[in-house]
Each structure stands twice: as C-alpha cells, then as structure tokens.
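In what follows, a structure is listed as structure tokens, so that the remarks can point back to it.
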Amino acid sequence: MLNTSSGDERLFYIASPQDVEVAKTHLASGVIVSGKRIISPLKFDPPDLRWETVQVLPKHALRGEKLRLRLNLINAGGDIVQDVSTKVQYYNVKQPMRKSVIALPTARVMAPGEIITFDLEYTLPEDQLMGKYQIIATVDPENDIEELKEKNNEAKSNVIRLSDIKLLLPSDKFTFEENGLFLFQWDSLAFSEFKIQVGVDKKFEDSGSYFDLPQGNRWIADKEMVPLAGELPGMAMGLMRSKEKNHLYWRVIGRQASGRQAISGIRKFTITPVNSETL
C-alpha cells in the first residue's frame, strides 16, 4: 500500500478485536517476518531483594537498655517491586527457634538498585534471659514476591551480649603503666552498689589469689573507681610476685538494696613495671 501512486486503488484493513489480541501476543513474544525477528519483546529480570547490612549497637547491652538497629535493604534485581514486607526478630543463640518480633517495617516501592535504610530502636525487657543474642532480618517473609533469587532473603547481625553489668574500662588485655592512672569503669541499670575484684585467678575461686576494692564490707554507688596507690599497683604487684604471675584479672560485683547480687564478666590486664624487673 505504501508504494501506490496517486489515483491507484488503496485498500484499508480494519482490525477486529480478535486481530488486536493476536497482535498483542505477537508483540509480547516477538514478531518473525521472513525468518527474522523484527520486534524483540522487552523483558526485565525479576526483582531480587536482600539485606546489605544488619547492624546493632551496643554490642554489649544491659537488660532494660535500648538497642539501635540499622538495616539496609537493596533491590539487586532488574524490575520494580511494590509493597515489600519485612520482619525483624531477635533470639538467644542457645534457643534459635524461640524468636521474638522487634518490628515489621515495609517499603512501598523499590526500583532496581535502590537501597532503603530502616533505623529502628528496641528496648530489651528487664526480665530478658541473659546471654548472647542475634538479630535476624527477613524480607518477604511470606514469599509473596517472585524473585531472581529466593534463598538470600535473610541476614543476621553481629552477636550481642546481654547482661546486668557491663565492663567498660580497661578493655580486655589492657596494659597499665606502674606509675600511671588506674581507672576502672562499668555500667549497670539493675544494681546500685558495687565493688571490683582484682586477682591472678581467672575463675576467682582461690580467695588468696584476689582482693576486693573497696576492701571489707564497703560498697560504692559510683560506676568507676581509681584505686589508692597502695592497692593498685601496690597490692596487685605484690600478688603477682607471690603467685609468680605476670597478668591480672578484674570483675565487678553488683548489689541491690534487697541484697541480691550479680557478677560481671571477667577481663584480663597487665602492669608494666617502672624498672626492668621481671614479675
């Protein structure tokens, strides 16, 4: 028809509804003319949802303390996805089947390559079992979305330690100078009185291998202590010499008004002598 000249007979074809449906099918699958495909269907890879990062702070938390979570979700596929549901839970590593829901955040629309960040907060119950915990994040938990990969929808956080007393300073394996400042710091929400114990016995089982600060029946309300020079380094250096050890351990005991007590974890530290004498 395009090659006809002026005055030539021209015929026009009006497509029926059935012809329109056939044409749509051809467009979807490609049209072949003289053995060649002249129209290629436009195809996209399905979406692919996965977690880039699942971060939790603090790494050592107290019962009753607020956790701060940052989760980055990416659509690594080739197509837009809508109404993305997620589920964020936590669990004790010794009881992985007993999960508790923290939040159910959603994303309305995610384009290919887009990253959405969820910033969440969660306060741990004061009666939560102490121990080690992890956060697990799941995208599309009901498996409603057809994805390029279906087995990458979960991600776990770092391990979080949960206790009633958290040691702050010194860090584990810290080295003090003999004539330097000896500062001990800790934190607790559950206890109001404290004392620290310093010794060469890692398990604090031999009463002759450690001492209390403050000594005797005294307790302090502060959450930090700078011992007297006669205690540290004095008593500590003497203890190392008598037990022929070159390192020490410390921990904190907390006490409530009711008399209930709890013991923190244990950290190791050393003291570098001013002279060259070897302990």
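Using the Cβ of Gln89 as centre and a radius below 13 Å, the other residues enclosed give a net charge of +3, where K and R count +1 and D and E count -1.
Based on alpha-carbon atoms, the Kirkwood radius and the radius of gyration of region 49-163 give Rg/Rh equal to 1.00. The Cβ shell under 12 Å around Asp45 holds other residues with a net charge of -2, Lys and Arg each +1, Asp and Glu each -1. Rounded to the nearest 20 debye, the dipole size of region 49-163 about its Cα centre is 800 debye, using +1 on the Cβ of Lys and Arg and -1 on the Cβ of Asp and Glu. When the alpha-carbon atoms of region 125-279 are used, the pair Rg, Dmax equals 21.2, 70 angstrom.
None of the figures in this text is laboratory data; all of them are computed from the coordinates on show. Note that the coordinates shown come from a computational prediction; the quantities given were computed from them, not determined experimentally. Using ideal geometry, Cβ is built from the backbone for each residue, glycine included, and neighbour counts are taken over all protein chains shown.
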